[in-house]
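Contents: one structure, followed by commentary.
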């Protein structure tokens, strides 16, 4: 339980609404800045302004997934104006106050007072593994929505065998797809074979795409080059899950008429409630560890 803990949310999206609900269920005191448009969706949340915060009582501050921009502004999907937090504002917080963000930004890196207390949630293995579940489901949704063939008995090529890649394998194989996985790592290729998938060294990808119906990229580097795109059969499709700018040459794909979808951040789009529960679970665990 989080009895006696005070958590301040500053901006955010639908995932943060669920996070608040979960932390309230754990008996935390929850405060919110930049959620004026969501008051009817939340109960037991204290809606305040930045100057009303009793900083010394805070156990944690939760920022949007995107952190703060170069001027200290937070994305706020439920407010007309973005909340603004100055570096002086942060300097007044207690030394043991956690600062949760999705990703690190240059502005956050400059907060000397929080060295060691900033938690970039999306860099944690546990969050990435949990998030791979809604990512895989969202990928299946896109595959079904934008193709005219069944997943069953289709030929799927997955680039990358990290946390998302492994979950994609389970999801597509579970629906009867023929799954190949491409990686640079010889260790990964051995494990791909053990998963009963076809292992493809990344440097040999272009000569192994003749039967590919759907190519899914998870590698955060431009690996789907014009050479790879040209090697795809007619009517195949590309889904790029890598964080922006992505791993696909979208300009070239559009030029030659290959359907390519850029789809980073699927958990927050297709399953914000589940994504919020995942983040709340991790925040809860970290706050409890400090007791």
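Take the conditions (1) surrounded by fewer than 19 Cβ atoms within 10 Å (Cβ to Cβ); (2) in contact with a strand residue (DSSP E or B) (Cβ under 8 Å, 6 or more places away or on another chain); residue 76 misses just one of them, which is (1). Elements of the type helices (runs of 4 or more DSSP H) sitting completely within region 155-245 and holding at least 1 residues that are within 20 Å of residue 145 (Cα to Cα): these cover 163-174. Give me a count of the residues in region 152-173 that are under 24 Å from residue 272 (Cβ atoms) and either surrounded by fewer than 19 Cβ atoms within 10 Å (Cβ to Cβ) or touching a helix residue (DSSP H, G or I) at 6+ places or on another chain (Cβ under 8 Å) (or both). Counting residues in region 152-173 that are under 24 Å from residue 272 (Cβ atoms) and either surrounded by fewer than 19 Cβ atoms within 10 Å (Cβ to Cβ) or touching a helix residue (DSSP H, G or I) at 6+ places or on another chain (Cβ under 8 Å) (or both) gives 9. A single member of 204, 210 is out of contact with any strand residue (DSSP E or B) (no Cβ under 7 Å at 6 or more places or on another chain), under 19 Å from residue 259 (Cβ atoms) and in the same structural domain as residue 259 (by TED's automatic domain parsing), and it is 210. Among the conditions (1) more than 16 Å from residue 20 (Cα to Cα); (2) touching a helix residue (DSSP H, G or I) at 6+ places or on another chain (Cβ under 7 Å); (3) in a helix (DSSP H, G or I), residue 251 misses just one, which is (2).
Just so you know, in region 22-54 the residues that are in contact with a helix residue (DSSP H, G or I) (Cβ under 8 Å, 6 or more places away or on another chain) and in a helix (DSSP H, G or I) include one that is surrounded by the most Cβ atoms within 10 Å (Cβ to Cβ), and it is 23.
With the requirement that a residue be closer than 24 Å to residue 99 by Cβ and either touching a residue at least 40 places away in the same chain (Cβ under 8 Å) or within 11 Å of the chain's Cα centre (by Cα) (or both), what does region 239-272 give you? Give the derivation first.
Step one: filter region 239-272 for residues closer than 24 Å to residue 99 by Cβ, giving 243-244, 264-265, 267-268, 272.
243, 264, 265, 267, 268, 272 - these are the residues of region 239-272 that are closer than 24 Å to residue 99 by Cβ and either touching a residue at least 40 places away in the same chain (Cβ under 8 Å) or within 11 Å of the chain's Cα centre (by Cα) (or both).
In the set (1) more than 27 Å from residue 24 (Cβ to Cβ); (2) modelled with pLDDT under 95; (3) assigned to a helix (DSSP H, G or I), the condition left unmet by residue 104 is number (3). When residue 71 is tested against (1) surrounded by 13 or more Cβ atoms within 10 Å (Cβ to Cβ); (2) in contact with a helix residue (DSSP H, G or I) (Cβ under 9 Å, 6 or more places away or on another chain), only condition (1) is not met.
The values are calculated or read from the model by the stated rules, or taken from the named source; none is laboratory data. These figures come from a predicted structure and were not determined experimentally. We place every Cβ from the backbone using ideal geometry, glycine too, and count neighbours over all the protein chains shown.
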